[in-house]
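Read-outs: derived from the displayed coordinates by stated rules, not from any lab. These numbers come from a predicted model, not from an experiment. Note that each Cβ is placed from the backbone with ideal geometry, even for glycine, and that neighbours are counted across all protein chains shown.
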């Protein structure tokens, strides 16, 4: 049986081999540390192959630090758990707690908080102002969400006031901002927002947001 090649101390791509790891069904394995700081286990054949691993996966990822997803702000890359699929990011929630979330869950809106939204009291229609209800309905009727600039003509108010109303909806866990986005963050509705509009389990029934009614023309009285 040929002697196993010792890779300890070698640098392969962005990976530094720290020492041998327990052998598994893939053969000899090694504890490696990536240049980004992530530690993982990699089999020998993957390290020695000409087209094998050269990083923990960070070489081709999109940097999400500073991005905001719902109530979460991405702070840093989280340590990778062995055999766990996908990159995880350390996020700071608006409630003050810190959590780790997968990039896929953040981008798709599956994770928008540390879990504090689950324990929030149910919001009723009476707790929202008419403008907040109008903004929520417009967002719910848009399949891909809306930007603040697109809400301005629907609500007939300035961008500043649109931002204030949207911020209240985000804080109540009814909508979420999807970032980063090329032309500004899109706002999409969450299940709690649909419950406020259509009752528990309800969905939007129209294909487009309701338009504002134009004011009735003033009556002219003959003199």
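Gain in length, residue 4 to residue 124, computed as 0.36 nm per residue apart minus the alpha-carbon separation, to one decimal in nm?
On the way: separation 120, 0.36 × 120 = 43.20 nm, distance 6.66 nm.
Computed gain between residue 4 and residue 124 is 36.5 nm.
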| query | Suppose R0 equals 41 Å; then what is the FRET efficiency for residue 25 and residue 62 from their Cβ-Cβ distance, rounded to the nearest 0.05? | reply | 0.80
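What FRET efficiency, computed as 1/(1 + (r/R0)^6) with R0 = 22 Å and r the Cβ-Cβ distance, is obtained for residue 45 and residue 18, rounded to the nearest 0.05? Each step should come with its number before you reach the end.
Numbers: r = 18 Å, r/R0 = 0.83.
So, using R0 = 22 Å, E works out to roughly 0.75.
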| When the chain is fully extended, how far beyond the present Cα-Cα distance does residue 54 get from residue 98, taking 0.36 nm per residue of separation? | 12.8 nm
